[in-house]
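Written out below as structure tokens is the structure these notes cover.
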Amino acid sequence: MKTDALPSVDSAQGTRERWMHAYRQMVRIRLFEEQVNELYTRALMPGLAHLYVGEEAIAVGICEALHKDDYITSTHRGHGHCLAKGASPDLMFAELLGKEAGYCRGKGGSMHIADPATGNLGANAIVGGSMGIATGAAFSSKYLQNGRVAVCFFGEGALGQGLFYEEMNLAYLWKLPVIYVCENNLYNEYTHYSETTAGDICARATAFGLRELTVDGQDVRAVNAAATQLIDAARAGEGPSFLLCNTYRYTGHHVGDINREYYRTRQEEQEWKTTRDPIKLHGEWLMSEKLADAAGLQAVESEVRAEMKAAVEFAVAAPYPGADEVGMHVYAGS
């Protein structure tokens with residue numbers, strides 16, 4: 001059974017609820033990230049964060065096609081994945097601020113949030129580091145025959161990691177229920193991907209026999225349709241697949257990356273923000289289909305802003321973990 005997922009489309013009301021829910025989820029991610037940036041600029045958040053602004057349609061489109069107990073693995077740019085899979089903003093903010101109430105008791109921070117209760121096996125600061133985790137989760141699903149699938153999110157900068165090719169090889173040989181999702185936001189930190197990635201991206205997957213799809217990562221409906229197709233196939237025992245989502249990050253590589261003109265132009269950023277924004281595009285579609293009006297969309301934004309404000313207030317007021325926890329959750333082999 002799906003939880004916090006797109007409602008049934010068996011009726012006009014179901015269609016409206018389904019796509020309004022997707023709109024709300026994208027707005028939640030956008031406004032969450034705005035608050036993260038503010039916490040950083042106010043020096044309330046230790047360390048850095050990598051914002052997901054501009055890429056919201058991918059996390060929402062895919063996670064809405066998953067069941068609550070399906071697995072995801074995430075990246076250093078993982079807040080959107082966490083929220084889309086069902087994480088609570090107040091506990092996420094607490095984690096970012098190093099508070100005891102956080103998902104990892106404040107010890108993981110921005111790049112290591114995990115929420116097993118919603119199938120989120122964790123973000124990972126190592127580029128491509130979660131590929132083996134997702135493939136292992138898919139192996140366990142097949143072994144246990146529990147019908148779960150695993151989705152592995154990663155950026156195009158991870159395509160050069162050798163682990164990815166080992167995992168695709170095993171996944172295809174063993175017909176594992178895993179979907180590898182490449183979020184191509186054009187830049188590997190400060191370098192355009194064309195300068196680091198040779199050949200055709202999807203050819204990497206087809207070389208191992210994986211089915212592959214390419215989709216506009218700014219279109220939540222297109223992402224959801226593609227993800228549903230691949231997830232259904234994986235759940236039916238048809239093995240792994242690769243989904244390339246073409247997208248763009250509006251902000252810098254991290255919150256401290258302010259002046260970006262040395263590696264991309266302001267004109268390019270402005271074009272994506274004005275003509276390719278996933279929330280704006282979906283909102284316009286909702287209004288064109290008479291599923292919402294401007295007032296309704298504004299009401300969603302107002303409600304979500306209030307939700308995020310309350311979540312931040314909770315996190316700021318929450319206590320830090322005690323010094324007696326310094327040795328907890330630390331494991332070392334002999």
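The values are calculated or read from the model by the stated rules, or taken from the named source; none is laboratory data. No experiment lies behind these values; they were computed from the predicted model shown. So basically every Cβ, Gly included, is an ideal-geometry build from the backbone, and we count neighbours across all protein chains shown. Protein only, heavy atoms only, side chains kept; ligands, DNA and RNA dropped before computing areas. Shrake-Rupley method; radii C 1.70, N 1.55, O 1.52, S 1.80 Å.
Which residues, counting only those in segment 45-98, are among the acidic types (Asp, Glu) and either within 15 Å of Met111 (Cα to Cα) or open to solvent by less than 10 Å² (accessible area, probe 1.4 Å) (or both)?
Matches in segment 45-98: Glu55, Glu56, Glu64, Asp70, Glu95.
Filter the helices (runs of 4 or more DSSP H) completely within segment 244-334 down to those with at least 3 residues that are within 22 Å of Glu33 (Cα to Cα) and touching a residue at least 60 places away in the same chain (Cβ under 8 Å).
Result: 278-288, 294-317.
If the requirement is being over 30 Å from Phe139 (Cα atoms), of a type outside the set (A, V, I, L, M) and open to solvent by 20 Å² or more (accessible area, probe 1.4 Å), which of these qualifies: Arg249, Arg260?
Step by step, each of Arg249, Arg260 is checked, and only Arg260 is over 30 Å from Phe139 (Cα atoms), of a type outside the set (A, V, I, L, M) and open to solvent by 20 Å² or more (accessible area, probe 1.4 Å).
When segment 21-35 is examined, which residues are found to be open to solvent by less than 60 Å² (accessible area, probe 1.4 Å) and either in contact with a helix residue (DSSP H, G or I) (Cβ under 7 Å, 6 or more places away or on another chain) or of a type in the set (Phe, Trp, Tyr) (or both)?
Ala22, Tyr23, Gln25, Met26, Val27, Arg28, Ile29, Arg30, Leu31, Phe32, Glu33, Gln35 - these are the residues of segment 21-35 that are open to solvent by less than 60 Å² (accessible area, probe 1.4 Å) and either in contact with a helix residue (DSSP H, G or I) (Cβ under 7 Å, 6 or more places away or on another chain) or of a type in the set (Phe, Trp, Tyr) (or both).
Among the residues of segment 138-179, which ones are surrounded by 15 or more Cβ atoms within 10 Å (Cβ to Cβ) and acidic (Asp, Glu)?
Glu156, Glu167
Can you tell me which of (1) crowded, with 17+ Cβ neighbours inside 10 Å; (2) free of Cβ contacts under 8 Å to residues at least 40 places away in the same chain; (3) more than 23 Å from Arg18 (Cβ to Cβ); (4) over 20 Å from the mean Cα position of the chain (by Cα) is the one Ala233 doesn't meet?
(3)
Only one of (1) in contact (Cβ under 8 Å) with a residue 40 or more places away in the chain; (2) open to solvent by less than 10 Å² (accessible area, probe 1.4 Å); (3) not basic (Lys, Arg) is not met by Ile113, so which one is it?
So Ile113 meets the others, but not (1).
Does Glu238 fit the bill of being surrounded by fewer than 18 Cβ atoms within 10 Å (Cβ to Cβ), among the acidic types (Asp, Glu) and in contact (Cβ under 8 Å) with a residue 24 or more places away in the chain?
For Glu238, the condition - surrounded by fewer than 18 Cβ atoms within 10 Å (Cβ to Cβ), among the acidic types (Asp, Glu) and in contact (Cβ under 8 Å) with a residue 24 or more places away in the chain - is met.
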